[in-house]
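**Student:** Before we start, here is the structure in question, set down as structure tokens.
The values are calculated or read from the model by the stated rules, or taken from the named source; none is laboratory data. Because the structure is predicted, anything quoted here is derived from the model rather than measured. Cβ coordinates were reconstructed from backbone atoms using ideal geometry, including for glycine residues, and neighbour counts include every protein chain displayed.
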Amino acid sequence: MSKLPPYATPLQRGWHYAFRFICALIFLFLIIPILIIIPLSFNAQPFFTFTPEMLRFEASGYSLDHYRDFFTDSGWQNALRNSFAIAPMATLLSVAFGTLAAIGLSSGKMPFKGTIMAVLISPMIVPLIISAAGMYFFYSRIGLQGTYWGVVLAHAALGTPFVIITVTATLVGFDRSLVRAAANLGAGPVRTFFKVQMPLILPGVVSGALFAFITSFDEVVVVLFVGSAGQKTLPWQMFTGLREQISPTILAVATILVTLSVILLTVLELLRRRSERLRGITPS
């Protein structure tokens, strides 16, 4: 955290502390709903509210029953298996497509670079319901609607922009002379990519992969349009539970997803710092 210089005026000092107070309020506004869900997931009663026993911090008010329901119920477990079957494959496709697109866009000879970039990252800009409806009509015409690969390709399309952005940001500090040196030594394009480029841009690739995985694992709108009952993912199961039967098991699943997201984002931050050290932006 930056410190105030000794010559700061009273107005500057006031804005310094006011800015941090505003940031703290925004942080609390964003984090409090998540912090409320976590203790509710340990409620011993099938309610979405804090019971008197919970407010008094009595052991009888807390239970792991909702987590037990999640790990023993066949519907939740099938949804979990579908999510882990779809998200990794969609992530692999997103990484492959996004990395190749980022390398191509980083080339100085690429014509219409801005237009192509805008088209490739459009899934991040276009409202998700529009993308989902478009995918439904397109996949129904080519026979992919309601299939495993239809859902995978749809999620890959949503995750590819994240890979493109992170890898493109990593390539900004990439020294092109390394590629030319490898070519002068007789290395082909494929060998140069895996031996020279990939080790240096790997933090950006992994960061994009984590974003793509989180996007696929948490996505529900597109899978409702493109998927079928056989591809019911965890978010779909949560959406169905909220619409048809209010089950506190949803709170336990939400807590597990929040924990998974925190772990992945922590890894992402560590990779970001490593990438900056490799590029000389921050000291080691």
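**Student:** Can you go through L28, L80 and tell me which one is among the hydrophobic types (A, V, I, L, M, F, W, C) and either buried (at least 17 other Cβ atoms within 10 Å of the Cβ) or closer than 30 Å to L202 by Cβ (or both)?
**Tutor:** Every option except L80 fails the conditions.
Results for (1) charged (D, E, K, R); (2) in a loop (DSSP other than H, G, I, E, B); (3) within 19 Å of A102 (Cβ to Cβ), shown as yes or no for each residue.
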position	(1), (2), (3)
I130	no, no, no
R141	yes, no, no
G159	no, no, yes
R191	yes, no, no
V222	no, no, no
G230	no, no, no
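**Student:** Please list, ordered by residue number, the helices (runs of 4 or more DSSP H) wholly in the stretch 1-95 having 2 or more residues that are of a type in the set (V, I, T).
**Tutor:** In the stretch 1-95, 10-40 are the helices (runs of 4 or more DSSP H) which contain 2 or more residues that are of a type in the set (V, I, T).
**Student:** State whether one or more residues within the stretch 142-164 are in contact with a Lys or Arg (Cβ under 9 Å, 6 or more places away or on another chain) and surrounded by fewer than 16 Cβ atoms within 10 Å (Cβ to Cβ).
**Tutor:** no
**Student:** For K109, state whether it is farther than 30 Å from Q197 by Cα and loosely packed, with under 13 Cβ neighbours inside 10 Å.
**Tutor:** Spelling it out, it is not the case that K109 is farther than 30 Å from Q197 by Cα and loosely packed, with under 13 Cβ neighbours inside 10 Å.
So that you can scan it fast, the table gives a plain yes or no per residue for (1) polar (S, T, N, Q); (2) over 27 Å from the mean Cα position of the chain (by Cα); (3) surrounded by 12 or more Cβ atoms within 10 Å (Cβ to Cβ); (4) farther than 20 Å from L257 by Cβ:
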residue: H16; (1), (2), (3), (4): no, yes, yes, yes
residue: F21; (1), (2), (3), (4): no, yes, no, yes
residue: I32; (1), (2), (3), (4): no, no, no, no
residue: I38; (1), (2), (3), (4): no, no, yes, no
residue: F50; (1), (2), (3), (4): no, yes, yes, yes
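Results for (1) surrounded by 13 or more Cβ atoms within 10 Å (Cβ to Cβ); (2) outside the structural domain of Q45 (by TED's automatic domain parsing); (3) at pLDDT 85 or above, shown as yes or no for each residue.
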{"site": "I246", "(1), (2), (3)": "no, yes, no"}
{"site": "I250", "(1), (2), (3)": "yes, yes, yes"}
{"site": "V253", "(1), (2), (3)": "yes, yes, yes"}
{"site": "I256", "(1), (2), (3)": "yes, yes, yes"}
{"site": "T259", "(1), (2), (3)": "no, yes, yes"}
{"site": "L264", "(1), (2), (3)": "yes, yes, no"}
{"site": "L268", "(1), (2), (3)": "yes, yes, no"}
{"site": "R272", "(1), (2), (3)": "yes, yes, no"}
{"site": "S284", "(1), (2), (3)": "no, yes, no"}
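**Student:** Which of the following residues is touching a Pro at 6+ places or on another chain (Cβ under 6 Å), small (G, A, S) and within 25 Å of V222 (Cα to Cα): A157, A101, A96?
**Tutor:** Unique residue meeting the criteria: A157.
**Student:** Moving to a separate point now. When you scan the stretch 166-185, do you find a residue that is among the small types (G, A, S), surrounded by fewer than 16 Cβ atoms within 10 Å (Cβ to Cβ), under 22 Å from L271 (Cα atoms) and in contact (Cβ under 8 Å) with a residue 24 or more places away in the chain, even just one?
**Tutor:** Within the stretch 166-185 (the criterion being among the small types (G, A, S), surrounded by fewer than 16 Cβ atoms within 10 Å (Cβ to Cβ), under 22 Å from L271 (Cα atoms) and in contact (Cβ under 8 Å) with a residue 24 or more places away in the chain), the answer is yes, since at least one residue qualifies.
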